[in-house]
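See below for the structure under consideration.
The values are calculated or read from the model by the stated rules, or taken from the named source; none is laboratory data. What you are looking at is a predicted structure, and each value in this text was computed from that prediction instead of being measured. Here the Cβ is made from the backbone with ideal geometry for all residues, glycine too, and neighbour counts use every protein chain on show.
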């Protein structure tokens, strides 16, 4: 159990301390991963940016993830998506892609995303239930030729860790219990992170 996201990030930073001096690129998955990414970037003397991936919620039940979509259009659907109509899923994908575009305009309005080519890249999030979002992030980054691709997460079930290990060069997951219900169960404090906080942490807040 973690006190909050920052305690989880401190523990991840200790596990990744060997990256200090190598200017790692920390790519946080918004919004919960961004406070963690800020701490990692500061502790490891790296750069912080976001990797924009959105959960695809089930039609009529948006909290139930049936896949994820990345900034460059990569879609990852879970087997559960087969239970829903194609048109409804397409609408949900388009909705999430529009939100990704809006977030990029808000989060990094005066610069392009940082290029991961040749960099040690750490993709960070507070946790991953099915792995769809983190998997989509990793798969979108791999063709961009990072020198090393690391997934760093606070909590995930063992089967998700195994899934991510096939996509990343290294997976660091602090808690991987078999009795996994939701990411929030492992954090005493697990409040929503706002867009304003994300922009503050990235140094791109408006006005």
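Reported count of residues in the range 152-165, each being touching a helix residue (DSSP H, G or I) at 6+ places or on another chain (Cβ under 9 Å) and either surrounded by fewer than 18 Cβ atoms within 10 Å (Cβ to Cβ) or part of a helix (DSSP H, G or I) (or both), is 3.
Of the set (1) buried (at least 19 other Cβ atoms within 10 Å of the Cβ); (2) within 19 Å of residue 39 (Cβ to Cβ), all apply to residue 200 but (1).
In the range 119-132, is there at least one residue being part of a helix (DSSP H, G or I) and either surrounded by 15 or more Cβ atoms within 10 Å (Cβ to Cβ) or at pLDDT 95 or above (or both)? Yes, the conditions are met somewhere in the range 119-132.
Listed by position, the strands (runs of 3 or more DSSP E) inside the range 48-109 whose residues that are under 20 Å from residue 163 (Cα atoms) and touching a helix residue (DSSP H, G or I) at 6+ places or on another chain (Cβ under 6 Å) number at least 3 are 53-58, 61-70. In the range 174-186, is there at least one residue being touching a helix residue (DSSP H, G or I) at 6+ places or on another chain (Cβ under 9 Å), under 18 Å from residue 76 (Cα atoms) and part of a loop (DSSP other than H, G, I, E, B)? Checked against the condition, which is being touching a helix residue (DSSP H, G or I) at 6+ places or on another chain (Cβ under 9 Å), under 18 Å from residue 76 (Cα atoms) and part of a loop (DSSP other than H, G, I, E, B), the range 174-186 yields no hits at all. Only one entry of 81, 98 meets the criterion of being surrounded by 12 or more Cβ atoms within 10 Å (Cβ to Cβ) and more than 14 Å from residue 49 (Cβ to Cβ), and that entry is 81.
Tell me, please, whether a residue that is surrounded by 13 or more Cβ atoms within 10 Å (Cβ to Cβ) and part of a helix (DSSP H, G or I) can be found in the range 17-24. Yes - at least one qualifying residue is present in the range 17-24. Scanning the range 25-47 for residues that are out of contact with any helix residue (DSSP H, G or I) (no Cβ under 8 Å at 6 or more places or on another chain) and part of a loop (DSSP other than H, G, I, E, B) yields a single hit, 45. Looking only at the range 43-61, decide whether some residue is within 16 Å of residue 132 (Cβ to Cβ), surrounded by fewer than 16 Cβ atoms within 10 Å (Cβ to Cβ) and without any contact (Cβ under 8 Å) to a residue 24 or more places away in the chain. Within the range 43-61 (the criterion being within 16 Å of residue 132 (Cβ to Cβ), surrounded by fewer than 16 Cβ atoms within 10 Å (Cβ to Cβ) and without any contact (Cβ under 8 Å) to a residue 24 or more places away in the chain), the answer is yes, since at least one residue qualifies. If you go through the range 25-42 and keep only what is in contact with a strand residue (DSSP E or B) (Cβ under 7 Å, 6 or more places away or on another chain) and without any contact (Cβ under 8 Å) to a residue 40 or more places away in the chain, you end up with just 41. With respect to the stated conditions, residue 113 fails to be over 14 Å from the mean Cα position of the chain (by Cα), under 17 Å from residue 16 (Cβ atoms) and part of a loop (DSSP other than H, G, I, E, B).
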